[in-house]
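To start, the structure under review is shown below, and the notes come after it.
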Amino acid sequence: MPKADQKPILVAAIAGAFGVKGEVRLKSFTQDPAACLAYAPFVDVSGKEILHITSSRKIKDGFAIFTDEIKTREQAEANKSTKLYALREAFAEPDEGDFYQSDLVGLRAEDENGAALGRIKAVVNYGASDLLEISGTPDVPGSWTIPFTRVYVPVVDIDGGKVVLADAKAFFLTDDDNPDEVEAQS
């Protein structure tokens, strides 16, 4: 089980079946795609071991693996989209000033004056670049995103439990804003 302050880190996901003999297609989320294989056995978000690799090979857009737990094509398809995590202790400590994206989740988001803007809910990437998803912003329903760049996130203070966001109010609407007026001004 992971320590209370160390959540497992997402490294891969099951993308479905590969072939008819129970091989599983694996999609890696690590910077070096093959590195995800070194973190097996994989765990779920609670830290419980869920997948042991018995063999692997590179295929287009990922890896094909055989596991102890999945023996048929149907089982592989049934496990499609299962997120595979590695325990934080399996990773090297980041260098000074570096961090893992998972370290950001839960941090306070503040503006340059120290006013609370909510907490980081997730780090997402829809293809163009990383975004921070912020929730719990006073007078702002739901969540909103801001590009995760030095321009908009000039300070990341993991030890202090916060990030500082610049020009954040340009990225969300408050309950008092009229979306039609904001669109017309753009």
Checklist line | Listed pairs 58/121; 7/58; 27/71; 60/121; 21/58; 21/48 exceeding 22 Å between Cα atoms | finding: 58/121; 7/58; 60/121; 21/48
Next item on the list: Report, ordered by chain and residue number, the aspartates and glutamates lying within cross-link reach of residue 169, taken as a straight Cα distance under 18 Å and ignoring same-chain residues fewer than 8 apart.
Entry: 110, 111, 112, 133, 139, 177, 180, 181, 183
Item checked: Pairwise FRET efficiency - residue 57 versus residue 129, Cβ, R0 = 41 Å, nearest 0.05 -> 0.85
Item checked: Residue (of 29, 125, 79) at the positive-pole extreme of the chain, dipole from beta-carbon charges -> 79
Check: For labels at residue 46 and residue 100 in the simple 7 Å Cα→Cβ model, what's the distance in nm?
Finding: 2.0
Check: Can you give the longest stretch of the chain with no exposed loop site, where a site means trypsin sites (Lys or Arg not before Pro) in a DSSP loop (not H, G, I, E or B) with at most 14 other C-beta atoms within 10 Å?
Finding: 81-149
Next item on the list: Could you please report the charge total around residue 153, scoring K, R as +1 and D, E as -1 over all other residues with beta-carbon less than 12 angstrom from its beta-carbon?
Entry: -4
Notebook entry, point to check: What relative contact order, as a whole-number percentage, does the chain give when Cα pairs under 8 Å and 6 or more residues apart are counted?
Noted result: 17
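Coordinate-derived values only; no laboratory data. Bear in mind that the values here come from a model prediction, so they are computed numbers and not experimental data. Positions of Cβ are generated from backbone atoms using ideal geometry, with glycine treated the same way; all protein chains shown enter the neighbour counts.
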